[in-house]
Structure formats: structure tokens, C-alpha cells
Amino acid sequence: MAHDLGMAYLVLVVIAGAISSMIFLLSVALAYRRRALPYMLISVALGGLAARSGVAAVEIAGFISFHLHHTLEHALDGVIAITLLAAIISMGTLATQTGGDSWDE
């Protein structure tokens, strides 16, 4: 029974990873097209989200310990948060440089 639950969990993690990876690849294509820092930073954040599924899958498969899995996921959470904040800050800086105010437009 426990093995069946582990396999079901692995399948869910793989599906989530596949969806996250597709969103990440789409964001990379958009960042390449726009060639703007905020888009690139958002792509990094979405890459971190996809990587979280990879870390979970590697732990389920038994390649890393639960403690390392836990540490890596918290590190990725930090990367995601920092890059999203940097994207928000860079958007404000970009609006200031171009003379636009994103709230009034």
C-alpha cells in the first residue's frame, strides 16, 4: 500500500514538473522575444518552480535524503522570491526611466 502511494505521488510530481517546465519554457521564449530584464527574472523564478518538482522527484526516487530535499526546496523558494522582487523593482525602475507610471497608464 505504501509503495502504491509513493508511485502515485511520483506520478503527480512528474505531471506537475512537466506543466511547470512547459510554463518555464514559454517564459524563456517570451523573455527572449522581449529582451527585457523583468521578463528574464520572471523566467528564472519559473525555472525555480520547475526545479522544485525535480527535487521532489529525485527525493521520491531515493537519490537524495528528505533533509537535503527540504533544504533545496527552501533554497529554491528563496531564489523564486528574490527574483520576483527583483523583477518588480526593475519594472518600477524601467517605468521611471521611460517617464511612464504603470499605475496611471
Using the number of other C-beta atoms within 10 angstrom as an exposure proxy, rank Glu73, Glu59 with the fewest first.
-> Glu73, Glu59
By how many nm would the segment from Phe63 to Ala75 lengthen if fully extended, with 0.36 nm per residue of separation less the alpha-carbon distance?
-> 2.5 nm
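Sort Phe24, Phe63 so that the residue with the fewest other Cβ atoms within 10 Å of its own Cβ comes first and the one with the most comes last.
Details: Phe24 21, Phe63 10.
Listing Phe24, Phe63 from fewest to most nearby Cβ atoms yields Phe63, Phe24.
Let me know the shape class of region 2-98, please: from the alpha-carbon gyration tensor, a ≥ b ≥ c as square roots of the eigenvalues, rounded when a/c is under 1.5, otherwise prolate if a/b is greater than b/c, or oblate. Walk me through the numbers on the way to the answer.
Details: a/c = 4.22, a/b = 2.18, b/c = 1.93.
Prolate.
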Find, among the trypsin sites (Lys or Arg not before Pro) in region 31-92, those assigned to loop by DSSP (not H, G, I, E, B) with at most 12 other beta-carbon atoms within 10 angstrom.
-> Arg35
Once Ala36 and Ile19 are pulled to full extension, the length gained, defined as 0.36 nm per residue separation minus their Cα-Cα distance, is 3.7 nm
Based solely on C-alpha atoms, express the radius of gyration and the Dmax of region 27-77 in angstrom.
-> 13.8, 40
Would you kindly derive the ³J(HN,Hα) couplings of region 42-58 from the backbone phi angles with the Karplus curve 6.51 cos²θ - 1.76 cosθ + 1.60 (θ = phi - 60°), listing them in order in whole Hz, with x for Gly and Pro?
-> 5, 4, 4, 4, 5, x, x, 5, 5, 5, 4, 5, x, 5, 5, 5, 5
Counting Lys and Arg as +1 and Asp and Glu as -1, what is the net charge of the other residues whose Cβ lies under 12 Å from the Cβ of His67?
-> -2
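Each reported figure results from applying straightforward, stated rules to the coordinates on display, with no laboratory input. Remember, predicted model here, so these are calculated numbers, not experimental data. Positions of Cβ are generated from backbone atoms using ideal geometry, with glycine treated the same way; all protein chains shown enter the neighbour counts.
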